[in-house]
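This report concerns only the one structure given below.
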Amino acid sequence: YVGVEFMMYETLKRRWELWAGAPAGTLTIILLGAVGGACAQASAHPLDVIRRRLQLGNMARVSADGTQKPKPPYSNMVSGLYTVGKTEGLHVLFRGLGPACFEKVPSTAIGYYIYELMKRLLRVASV
């Protein structure tokens, strides 16, 4: 997750600086951090959906009337991704992505601004 986020941020920042011919400013850093956070969230969201289903699938095994519910149709991440994609459609794996991004994107943008500020204050350069 963080690898995707950091890779997107650094790649976009480097390309921006090459295009603009100058270091990225505050607004640019915040926007690029937001884009990196959104990309990372989008790449990890299907895994979160299956993880939650696996966690909750074993909790509600007995229904309200006391009858036993059947086992979930999958028991691991790969099987879950395949089964949900095939039976319910790939779009189901991205349900709730908007609210997840709404939570993650601002904090990531601020985090990268602080990251760049600290690099400048400590006189540390990116590799």
Those residues of the stretch 82-126 that are part of a loop (DSSP other than H, G, I, E, B) and closer than 20 Å to Gly25 by Cβ come to a total of 4
Across (1) of a type in the set (D, E, K, R); (2) modelled with pLDDT of 95 or more; (3) assigned to a loop (DSSP other than H, G, I, E, B), Asp65 clears everything bar (2)
Taking the stretch 21-38 and keeping residues open to solvent by 50 Å² or more (accessible area, probe 1.4 Å) and part of a helix (DSSP H, G or I) leaves Thr26, Leu27, Ile30, Leu31, Val35
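The values are calculated or read from the model by the stated rules, or taken from the named source; none is laboratory data. Note that the structure is a prediction, hence the values are computed from the model and not measured. Positions of Cβ are backbone-derived with ideal geometry, glycine not excepted, and every protein chain shown enters the neighbour counts. For the accessible areas, the whole protein counts, side chains as well, though only heavy atoms, and no ligand, DNA or RNA atoms are used. Shrake-Rupley method; radii C 1.70, N 1.55, O 1.52, S 1.80 Å.
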